[in-house]
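Let me begin by presenting the structure, written as structure tokens, before commenting on it.
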Amino acid sequence: MIDIRGLAYIVTQIDDLAEWAGYAENVLGMMSSPAPGGGLYIKMDERPFRILVVQGAERRYLASGWELPGREAFEAALAELDAKGVRYALADAATVAQRGMQAVAVLTDPSGNRHELCWGHLSDCQPFVSPQAVPRFVTGDMGLGHTVLPAPDFDATAAFLRDVLGFGLSDIFNFRPDPAAPPVRIHFMHCGNARHHSLAIAEYPVPSGCVHVMVEVDSMTEVGRAHDRRIAHKVPLSATLGQHLNDRMISFYMKTPSDFDLEYGFGGLQLDWDRHTAFEFTRVSIWGHDFGVGQRQEQAA
């Protein structure tokens, strides 16, 4: 089985890099700097970047970078892909340098989501100093946070993520916007760390290529401060403050410059997978998280 340890980075695209830099620094409380080969690094911990923003006409999410523990695990992953007949390509030197890794293998799942398997991140030993005085983001061996990807070809995508990439099922939500219609499935998945989920897939297409990405801070105060910055910079709200039932995260959602949502949260569960039992939850949140607020804002505009 492929030994994915966490979400190392994401890659997103925009036509105006300065817009992402301003959003990262002024709202998220992260650092920005030029990336090798063009683009923008967004830094949120001791690593040079966790979000790579590249220039392009379409505002969208491009890729998820999944970290393996070392060369042997990377070579074993390639052998696993070969044995299962899964097509992949080794990234060229410029891409590997831009990702700040020793090697990167690129593949797509049955719903067309791009995944990059990587190992050996570069470290420049430069500290994270938030321009908004955010003390720290919860990353480390649990990775950047989590990403939620569209999976209109749901069964094949779920099987691919489970049987090829090695993700385990954390829990299930069957969304029923119309009680008379079949549910829309959302599966939450974990990998080789304690974070409740590093990946989730949703049974519908998303034009931006991503439902949302989650970043986590270590206090509720920092969630509140980020919410104030969102208001000050007129960033559209996608869901009000609330607490999720499954991972217990207290968070709010807002738009990113690349048109997918970002969840800014605190207090997510960390689990012992040998003791966890997967389950289906029947409501998204214990309290709050009004996801209709974004639609109402668009209608008012």
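The values are calculated or read from the model by the stated rules, or taken from the named source; none is laboratory data. No experiment lies behind these values; they were computed from the predicted model shown. With ideal geometry, Cβ positions are generated from the backbone for all residues, glycine too; neighbour counts draw on all protein chains shown. Note: accessible area is taken over every heavy atom of the protein model, side chains too, but ligands, DNA and RNA are not part of it. Shrake-Rupley method; radii C 1.70, N 1.55, O 1.52, S 1.80 Å.
Show log10 I(q)/I(0) for segment 93-218 at q = 0.16, 0.17, 0.19 Å⁻¹, two decimals, from a solvent-free Debye sum over equal Cα scatterers. The Debye formula, applied to the Cα set alone, gives -0.94, -1.03, -1.20. What does the charge count near residue 253 come to, summing +1 for each Lys or Arg and -1 for each Asp or Glu among other residues with Cβ under 12 Å from its Cβ? The answer is -1. Counting Lys and Arg as +1 and Asp and Glu as -1 over every other residue whose Cβ lies under 11 Å from the Cβ of residue 268, the net charge comes to -2.
Take the solvent-accessible surface of the protein heavy atoms, probe 1.4 Å, and return the percent of it on segment 71-212 that carbon and sulfur atoms account for.
Working: 3510 of 6200 Å².
Ligands and nucleic acids excluded, carbon and sulfur give 57 percent.
Between the amide H of residue 39 and those of 55, distances stay under 5 Å, these residues lying 5 or more places away or on another chain, with hydrogens modeled in the peptide plane. Of the complete DSSP H runs in the chain, none spans 27 angstrom or more by Cα along the long axis with a mean Kyte-Doolittle score not below 0.5.
Quick one: Debye curve from the alpha-carbon atoms of segment 258-301 only, equal weights, vacuum; give me log10 I(q)/I(0) at q = 0.17, 0.26, 0.32 Å⁻¹ to two decimals. For segment 258-301, the Cα-only Debye profile gives -0.80, -1.17, -1.19. At the listed q of 0.08, 0.14 Å⁻¹, the Debye profile of the chain, built from one uniform point per Cα, gives log10 I(q)/I(0) equal to -0.32, -1.08. Across the protein chains, with a 1.4 Å probe defining accessible surface, the residues 71, 59 rank 71, 59 from largest area downward.
Rolling a 1.4 Å probe over the protein heavy atoms leaves residue 129 with an accessible area of roughly 90 Å². May I ask you to list the lysines whose Cα is less than 24 Å away from that of residue 43, ignoring any residue fewer than eight positions away on the same chain? Output for residue 43: 234, 255. Each Cα pair under 8 Å and six or more residues apart adds its sequence gap; the mean of these over the residue count of the chain is a relative contact order of 19 percent.
The calculated pair-distance distribution of segment 1-141 uses every alpha carbon pair, bins of 10 angstrom beginning at 0, and gives 12, 41, 33, 13, 2 percent.
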